[in-house]
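Have a look at this one before I ask anything.
The values are calculated or read from the model by the stated rules, or taken from the named source; none is laboratory data. Just so we're clear, the structure is a prediction, and the values are computed from it rather than from any experiment. Cβ coordinates were reconstructed from backbone atoms using ideal geometry, including for glycine residues, and neighbour counts include every protein chain displayed.
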Amino acid sequence: MIEILADIAAEPWFWPAVSVIVGLPIVLLVLGEVHTAMVRRDSPGTRIVLLIRNVLAPLGAIIILFTQIPQEAGNAEFTWPKVAATAFGFVLILVLLNGLNLAIFVTAKQGTWRNRLPSIFVDIARVLLIAICLAVLFGWIWNADIGGFFTALGIGSIVIGLALQNAVGSVLSGLFLLFEQPFEIGDYIVTPDGRGRVIAVNWRATHLDTSNGILVIPNSTLSGASFTNLSQATSPFEASDIVRFATDDPPQLVIDVLVEVASGLPERHPDETPYAIPLGKSKYEINFALTSPARRYMSLGLFRKRLWYAARRAGLHLDRDLTDNFATPQRTREHLTRLAPRFYLSVPEALALVERGACLQQYGEGEIVQRADTVPDGVRIIISGNVELSVPASRGAMLPVGKLGRDDVLGVTALTRQVAGAEVVALVDLAVLFVPLAVIDELVRSHPDLARDMGQAIDARHQLVAQALRDAGEPPPVSLPVG
C-alpha cells in the first residue's frame with residue numbers, strides 16, 4: 001500500500017493536483033473573507049478582489065490541471081491549455097489595470113497631480129497598456145509576430161493621420177490644451193465665441209454651459225485663440241451696472257440705496273463691500289463682487305428688480321420715472337381709514353398721519369423687510385402679501401419661525417428701542433403701511449390701549465420664537481424680543 005502511494009506521489013501530476021485540491025479552497029476562503037471585510041469598509045477595491053476570487057483563481061487552477069494532461073491525450077496541436085492561459089491573461093490584464101487605477105487615481109487626494117490629471121490621458125495610457133499586454137500575451141502563448149504587429153500599427157497610424165489631418169489636429173490640440181490645464185471643470189471662461197462654465201472637455205471639443213444652452217468649441221479653435229478664465233482670478237469676480245436717476249435725486253442718497261441693494265444680494269461675496277460712483281448726467285455705476293462669475297446675469301437681474309422697489313421707497317426716480325401710482329396720498333388715506341380702529345384713532349385723526357410721514361411701501365419677493373439685530377425705524381402694517389420670520393440659529397443658519405400676513409404688524413420692538421431678534425423676508429411682492437417711529441411714540445403715549453396691544457404682540461412673537469427653537473432642538477432664545 002505504501003509502495004502504491006509512493007508511486008502515485010512520484011507521478012508528475014500528483015503535487016500539482018494536490019495544490020489545486022487543497023490550495024484553491026483555501027485561496028477562495030481567504031479572498032472571500034477579504035472581500036467581506038472590504039464591503040463593510042465600503043472600499044473601492046471590492047470589485048477587484050471579487051474578480052480575483054470568482055474568475056482569476058479558478059482559471060489559474062484550470063491552467064495548472066491542463067498543463068498536466070499528457071500530450072498523447074490529444075493531437076499535436078492540443079490547444080486547451082493555450083485557451084485557458086489566454087483567458088487567464090485577459091483577466092489578469094483587467095485586474096492589473098483596475099489595480100493601477102485604484103492605486104494611482106481613485107485614492108488620489110484632492111489637489112495632487114493624480115487628482116488633476118485629465119481623464120483623457122488616463123484613457124490613452126489604458127489603451128496603450130492594453131495593446132502592449134495583448135501583444136505580449138499572444139506572442140508568449142501563441143507565438144504571434146509582435147514585431148509585425150507593431151510595424152503594422154505604426155504604418156496604420158501614419159495612414160490614418162494623413163487621411164484625417166484636421167480631425168487629428170483638433171485631437172492633438174485638445175490633448176495639449178488638457179496637458180497645459182488653463183482651466184478645469186467648473187471654471188467660468190470668456191472666449192471670442194461666448195462665455196460660460198466648463199462642463200466637459202473631450203478629445204475634440206470643450207463644452208460650455210451658457211445661459212442659452214451648451215456651447216461646443218473645437219479645441220483647435222480654443223487653443224489658437226485667447227480667452228479669459230474668470231474663476232482663476234486673483235480677486236473675486238466683480239459685476240457692475242450703470243443706472244440712471246433723475247437730476248433732482250440727491251447723489252448721496254442714490255449711492256446709499258445702490259450700496260444697500262447690492263449688499264443684500266444672495267450671491268454677493270461676503271468679504272467684499274459694494275461701492276457706487278457717480279458718472280455725471282444722473283448716471284451711477286454700482287460694483288459688487290460675486291461668489292461665482294456664473295451668477296453675473298442672475299445677480300444683475302435681481303439687483304435691477306430690487307432697485308426698483310428700493311428707489312420707490314426712498315422717493316428716488318429710477319430711469320427718470322417721475323410717476324408713482326401706488327404710494328399716492330389718496331391710497332394712503334384709504335388704508336389709514338380702514339386701519340384707524342387698530343390705532344384707536346378716529347378717521348380724521350388717522351388721515352392726519354399722512355402729513356406726519358405715514359406712507360405706503362412696496363417690497364419685492366425675497367427682499368429683507370427688517371434685519372435682525374437692528375432697531376426698526378417705525379411700524380409697518382401688512383396691506384397685501386406675506387412675510388416669513390427667521391431667527392439666527394446654531395452654525396450661522398436662519399431658522400424659520402412663522403409667517404405673517406394681511407394686517408399683521410412688523411417692527412413692534414421700535415417702541416422699546418430694542419433691536420429686533422428676527423429677520424423678516426418678503427415671500428411675495430409685499431405692500432405695507434409705514435408709520436414713523438416718532439408718530440408711533442406719540443400715539444402710544446396718548447392711547448394706552450395701543451401700548452397694551454403692542455406689548456401683547458411682542459410677547460406673542462417671543463413665544464413663537466421660543467416654540468420654534470424648542471421644536472428644532474436649538475438652545476432657548478436670548479432675552480431679545482422679535483419684531
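Looking at (1) within 27 Å of the chain's Cα centre (by Cα); (2) modelled with pLDDT of 90 or more, find the lone condition where Leu258 falls short.
In the conditions (1) within 27 Å of the chain's Cα centre (by Cα); (2) modelled with pLDDT of 90 or more, Leu258 misses (1) alone.
Taking the criterion of being under 23 Å from Gln232 (Cβ atoms) and outside the structural domain of Arg197 (by TED's automatic domain parsing), would at least one residue in region 299-307 satisfy it? Please lay out each step first, then the result.
So in region 299-307, the residues under 23 Å from Gln232 (Cβ atoms) come out as 299-300.
Still in the list and also outside the structural domain of Arg197 (by TED's automatic domain parsing): 299-300.
So far as region 299-307 goes, yes, one or more of its residues are under 23 Å from Gln232 (Cβ atoms) and outside the structural domain of Arg197 (by TED's automatic domain parsing).
Any idea which residue in region 223-247 is modelled with the highest pLDDT, counting only those that are among the hydrophobic types (A, V, I, L, M, F, W, C) and part of a loop (DSSP other than H, G, I, E, B)? Before you say what the answer is, go through the steps one by one.
Quick first cut of region 223-247, residues among the hydrophobic types (A, V, I, L, M, F, W, C) only: 225, 227, 230, 233, 237, 239, 242-243, 245-246.
Subset that is part of a loop (DSSP other than H, G, I, E, B): 225, 227, 233, 237, 246.
Working: Ala225: 80, Phe227: 86, Ala233: 74, Phe237: 85, Ala246: 92.
The extreme case among them is Ala246.
Looking at the structure I just gave you, is Ala276 assigned to a helix (DSSP H, G or I), crowded, with 19+ Cβ neighbours inside 10 Å, out of contact with any Pro (no Cβ under 6 Å at 6 or more places or on another chain) and not polar (S, T, N, Q)?
Against the criterion (assigned to a helix (DSSP H, G or I), crowded, with 19+ Cβ neighbours inside 10 Å, out of contact with any Pro (no Cβ under 6 Å at 6 or more places or on another chain) and not polar (S, T, N, Q)), Ala276 does not qualify.
Also, quick follow-up: Take Ala420 and tell me if it is part of a loop (DSSP other than H, G, I, E, B), in contact (Cβ under 8 Å) with a residue 12 or more places away in the chain and under 20 Å from Ala310 (Cβ atoms). Walk me through how you get there before you give the answer.
On the way: part of a loop (DSSP other than H, G, I, E, B): yes; in contact (Cβ under 8 Å) with a residue 12 or more places away in the chain: yes; under 20 Å from Ala310 (Cβ atoms): yes.
Yes.
To keep it simple, each residue is scored yes or no on (1) of a type in the set (Asp, Glu); (2) touching a residue at least 40 places away in the same chain (Cβ under 8 Å).
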| site | (1), (2) |
| --- | --- |
| Ala289 | no, yes |
| Leu316 | no, yes |
| Arg320 | no, yes |
| Asp324 | yes, no |
| Thr328 | no, no |
| Pro341 | no, no |
| Ala352 | no, no |
| Tyr363 | no, yes |
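Can you name the number of the only condition in (1) out of contact with any helix residue (DSSP H, G or I) (no Cβ under 7 Å at 6 or more places or on another chain); (2) under 27 Å from Leu322 (Cβ atoms) that Ala262 fails?
(1)
Examine region 111-120 for a residue that is more than 30 Å from Phe176 (Cβ to Cβ) and either surrounded by 15 or more Cβ atoms within 10 Å (Cβ to Cβ) or modelled with pLDDT of 75 or more (or both), and state whether such a residue exists.
Looking for residues that are more than 30 Å from Phe176 (Cβ to Cβ) and either surrounded by 15 or more Cβ atoms within 10 Å (Cβ to Cβ) or modelled with pLDDT of 75 or more (or both), one finds none in region 111-120, hence no.
What is the residue count in region 377-411 for residues that are among the aliphatic types (A, V, I, L, M) and more than 19 Å from Leu336 (Cβ to Cβ)?
So the count comes out to 9.
Name the residue that is surrounded by the most Cβ atoms within 10 Å (Cβ to Cβ), counting only residues in region 198-218 that are of a type in the set (S, T, N, Q) and modelled with pLDDT of 80 or more.
Thr206
I need the full set of residues from region 290-308 which are under 21 Å from the mean Cα position of the chain (by Cα) and either under 14 Å from Gly264 (Cβ atoms) or assigned to a helix (DSSP H, G or I) (or both), in order please.
Leu290, Pro293, Ala294, Arg295, Arg296, Tyr297, Met298, Ser299, Leu300, Gly301, Leu302
Looking only at residues in region 58-96 that are of a type in the set (Gly, Ala, Ser) and buried (at least 17 other Cβ atoms within 10 Å of the Cβ), which one is modelled with the highest pLDDT?
Per the stated criteria, the residue is Gly89.
Could you say which residue among Ala340, Ala311 is at pLDDT below 90, over 29 Å from the mean Cα position of the chain (by Cα) and more than 16 Å from Leu437 (Cα to Cα)? Let's see the steps before the verdict.
Values: Ala311 fails: at pLDDT below 90.
On inspection, the qualifying residue turns out to be Ala340.
Output the residue which, of all residues in region 397-417 that are under 13 Å from Ala457 (Cβ atoms) and out of contact with any strand residue (DSSP E or B) (no Cβ under 9 Å at 6 or more places or on another chain), is surrounded by the most Cβ atoms within 10 Å (Cβ to Cβ).
Thr413
Right, next: Among (1) modelled with pLDDT of 90 or more; (2) exposed (fewer than 15 other Cβ atoms within 10 Å of the Cβ), where does Asn325 come up short?
(1)
OK, next. Would you mind stating whether Phe245 is farther than 28 Å from Ser211 by Cα, buried (at least 20 other Cβ atoms within 10 Å of the Cβ), of a type outside the set (Val, Ile, Thr) and not assigned by TED's automatic domain parsing to the domain that holds Gln361?
Judged against the criteria, Phe245 is a match.
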